[in-house]
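**Q** Once you've had a glance at the structure underneath, I'll fire off some questions.
Taken together, the values in this text are just the output of simple stated rules run on the coordinates, not laboratory data. No experiment lies behind these values; they were computed from the predicted model shown. Glycine also receives a Cβ, built like all others from the backbone with ideal geometry; neighbour counts cover every protein chain displayed.
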Amino acid sequence: MSYNDIDKKLLDTLIDPEDLYQNAPCGYLSFLPDGTIIKVNKTLANWLGYAYDEILYKKKFTDLITKGGALHFEMFFRPLISANGLVNQLSYDIIKKDKGTFPVFLSAVASKTTEGRVQAINATLYDVRERKMYEQELLLAKEKADAERKRFEFLSDFNPEIIWTANSNGDIDYVNKRYYQYFNTLQFSTKEALLKVYPRDRLKLLRIWINSIQTGSTFTVEIRLENHSGAYEWHLIKAAVYMEENGTAARWIGSCTNIDAQVLSIQKRDEFINIASHELKTPITSLKAYNQILQRMSLPSAANSFLSRANTSLNSLQFLVSTLLDVSKIDSGQLSLNLSSFSMKEVVEEAVELLSTSYPTHTVIKNMDLHNLYLVYADRQRIMQVIINLISNAIKYSPNADQVEVSLIRSENEKLIKFEVRDYGAGIPEDKLEQIFEKYYRVSDTKNNNKATGLGLGLYIIHNIIKQHQSRIFVSSTLNKGSCFYFSLPASS
Ligand code: ADP
């Protein structure tokens, strides 16, 4: 098939190069080596606001660009185009007929004679107004981010704690001034920081950190850090995660608070309690024994009454010492269990019976449609201690309500027996619910609590007893309405 065979009509329907040139989404411009414009497409003429006869052979390219651009044209454009025959993506501001300007990227190729002389230049101009706008916006956003960063750094340098941030890989990428002071160093790195952690605390920290990376959860951990004189000091590390929208961990911001003085003072207090409770145990046991001997003797009735009062005081003292001894056992990991199968219903009934004499002010309502034969396999004495503690707390912290409810429920699959105690008393503020199980912790800001005395050890002990049984004590509470404590034990077959 030859050119002549092609239907002229078909050719007319195809893309017209002239139309493409005139209406392209970019501007085309041809000018002589001295800059005189000899050809321009419709797109560019429209952008400029000139009619063809106002611009062709009347304007030079340098008339269309700002003074700075004209200087650039003379110093760079001309030498470059003569040497290389082309220029790429030069940035100019173009002046319109109405004197307004707009930014363009200009690429050009030289049209050369056979001898290699430049006879004309063909330029393509891209309107980059939108692009410049984005660039401007980006610049503004960057300036804002820089200002925010400076503000954050100023605040964190002001802080007496070590403040740090880490990226999604867990690599530390910022530390405040306090870090450099504490470790007496000029640089920081994740590896260096990790080496400053007491070797036995490293695994603990890494575990909690990896878990945080995987789950995006915030964490708090106590570890020892080596100071600049080589001594290890206790620090409380707190870290919060900023999450990306897609749910992956984005970055961490954390603090290290030096809690060495507090930890040491608690350790000293624990040591004292440990020694004192052990030392008190023997004399109390002898006193009780002498009391028992005296009780068996025929004494005047006044002496018997004093003896009975002495015995009550001794019982309270013995209870106090056994509480302190329990704490020592828990802290040294020596809380052992004496396991057997027993009826929970019997234990609860015994506990309620025992408390009814100590707390005649309250009625304990029992919801226990449970058969006596439903047994649990646990430490009977310890579970009794837990139940007594929970019921007496319920009574102690509800002085204005005269009723406490205890329930025993068997789970539907019959695998668990749940004990629950509910009161209608002071309640516990929501933000304190986690802390009440901590050693020595007492809620101090509720009206009713101020009157009730205690050491803040009961829940700590019984929480550990239940933990030792591979279970957990749960609590739900509403301030001034009451609380509900419960735990479950596996039913024994
Ligand atoms: P203690 O009773 O000796 O203070 P506990 O460890 O038994 O110590 O309890 C810790 C704290 O928890 C109490 O001081 C009290 O503030 C709060 N608490 C415990 N049980 C209750 C309850 N049933 N209602 C309200 N507050 C309670």
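**Q** If you build the Cα gyration tensor of region 339-490 and take the root of 5 times each eigenvalue, what three semi-axes come out, in whole angstrom, biggest first?
**A** Working: eigenvalues 123, 59, 38 Å².
Ellipsoid semi-axes (Å, largest first): 25, 17, 14.
**Q** So what J values fall out for region 67-80 if you push phi through Karplus, 6.51 cos²θ - 1.76 cosθ + 1.60 with θ = phi - 60°, rounded to Hz, Gly and Pro as x?
**A** Using θ = phi - 60°, the values come out as 4, x, x, 4, 5, 4, 4, 5, 7, 10, 4, 4, x, 5 Hz.
**Q** Could you tell me the center-to-center distance, by alpha carbons, between region 280-347 and region 413-489 in angstrom?
**A** 25
**Q** Additional query: How many times 2.2 N^0.38 Å is the alpha carbon radius of gyration of the chain?
**A** Working: Rg = 42.5 Å, N = 493, 2.2 N^0.38 = 23.2 Å.
Normalised by 2.2 N^0.38 Å, the Cα Rg of the chain equals 1.83.
**Q** Once you've got the Cα coordinates, tell me which of Lys9/Lys112; Lys238/Lys439; Lys59/Lys142 are over 32 Å apart.
**A** Cα-Cα > 32 Å for Lys9/Lys112; Lys59/Lys142; rest within.
**Q** May I pose another question? What residue among Ala302, Leu325, Leu264 has its Cα farthest toward the positive end of the dipole of region 263-329, where the charges are +1 on Lys, Arg and -1 on Asp, Glu, each on the Cβ?
**A** In region 263-329, that residue is Ala302.
**Q** Whole-Hz Karplus ³J(HN,Hα) for region 350-366, in order, using 6.51 cos²θ - 1.76 cosθ + 1.60 and θ = phi - 60°, x for Gly and Pro?
**A** 4, 4, 5, 4, 4, 6, 4, 7, 6, 10, x, 5, 10, 9, 9, 8, 9
**Q** Another question about this same structure. Report the Stokes-Einstein translational diffusion coefficient (µm² s⁻¹, integer) for region 159-258, Rh taken as the Kirkwood radius over Cα pairs, at 37 °C with viscosity 0.692 mPa s.
**A** So the translational diffusion coefficient is about 240 µm²/s.
**Q** Sticking with this one: What whole-number value in cubic angstrom gives the convex hull volume per residue for the C-alpha atoms of region 237-387?
**A** Roughly 264 Å³ of hull volume per residue.
**Q** Give the residue from Ser286, Ser340, Gln119 lying farthest towards the positive end of the charge dipole for the chain; charges sit on Cβ (+1 for Lys and Arg, -1 for Asp and Glu) and the dipole is referred to the Cα centre.
**A** Ser286
**Q** From Cα pairs below 8 angstrom and at least 6 apart in sequence, can you work out the relative contact order of the chain, rounded to a whole percent?
**A** It rounds to 7 percent for the chain.
**Q** I want the local charge near Ser265. Using Cβ-Cβ distances under 14 Å, sum +1 for each Lys or Arg and -1 for each Asp or Glu among the other residues.
**A** Cβ neighbours under 14 Å give a net charge of -1.
**Q** Which chymotrypsin sites (Phe, Trp or Tyr not before Pro) from region 41-86 combine a DSSP loop assignment with at most 12 other Cβ atoms within 10 Å?
**A** Those that pass, being in a loop and sparsely packed, are Tyr57.
**Q** Could you quote the convex hull projected area for region 3-127, Cα atoms only and averaged over all directions, in nm²?
**A** 9.5
**Q** Could you give me the radius of gyration and the Dmax of region 263-329, taking only the C-alpha atoms into account and expressing both in angstrom?
**A** In order Rg, Dmax, the Cα atoms of region 263-329 give 15.7, 53 Å.
**Q** Kindly rank 236-243, 327-334 from highest to lowest mean number of other beta carbons found within 10 Å of each residue.
**A** Per-residue mean Cβ counts within 10 Å order the peptides as 236-243, 327-334.
**Q** Let me ask something else about it. Can you return the lysines within cross-link range of Lys288? Criterion is Cα-Cα under 27 Å, with same-chain partners fewer than 8 residues away left out.
**A** Within the straight-line cut-off, Lys288 pairs with Lys329.
**Q** What is the set of long-range amide H partners of Ala120 at a cut-off below 5 Å, with H atoms built 1.01 Å from backbone N?
**A** Under 5 Å from the amide H of Ala120: Ser111.
**Q** Run down the lysines and flag those whose C-alpha is under 24 Å from the C-alpha of Lys366, throwing out any fewer than 8 positions away in its chain.
**A** Result set, ordered by chain and number: Lys345, Lys396, Lys415, Lys418, Lys481.
**Q** Next question. Could you run the Debye sum over the Cα atoms of region 68-165, one equal point scatterer each and no solvent, and tell me log10 of I(q)/I(0) at q = 0.15, 0.16, 0.17, 0.23 Å⁻¹, two decimals?
**A** -0.75, -0.80, -0.86, -1.16
**Q** Compute the convex hull volume of the Cα atoms of region 305-386, divide it by the residue count, and report the result per residue in Å³ as a whole number. Write out the running numbers ahead of the final one.
**A** Values: hull volume 10.6 nm³, N = 82.
Per-residue hull volume (Cα only) is 129 Å³.
**Q** Amide H of Ser492 versus every other amide H placed in the peptide plane: which residues, excluding those fewer than 5 positions away on the same chain, fall under 5 Å?
**A** Answer set, sorted by chain and number: Leu375, Val376, Tyr377.
**Q** Under a no-solvent Debye model with one identical scatterer per Cα of region 401-479, what's log10 I(q)/I(0) at q = 0.22 Å⁻¹?
**A** One equal scatterer on each Cα of region 401-479 leads to -1.22.
**Q** Further question on the same structure: Based on the alpha-carbon set only, what is the convex hull volume of region 7-69 divided per residue, in Å³?
**A** Expressed per residue, the convex hull around the Cα atoms of region 7-69 is 109 Å³.
**Q** For Lys67, go through the aspartates and glutamates and keep the ones whose alpha-carbon is under 20 Å away, minus same-chain ones fewer than eight residues off.
**A** Asp34, Asp93, Asp98, Asp127
**Q** Counting every Cα pair in region 139-195, what percent are over 14 Å apart?
**A** Every Cα pair in region 139-195 considered, those over 14 Å come to 61 percent.
**Q** What ³J(HN,Hα) values, in whole Hz, does the Karplus curve 6.51 cos²θ - 1.76 cosθ + 1.60 give for region 391-408 when θ = phi - 60°, with x put for Gly and Pro?
**A** Along region 391-408, the couplings run 5, 5, 4, 4, 6, 4, 9, 9, x, 9, 10, 10, 9, 10, 10, 10, 9, 10 Hz.
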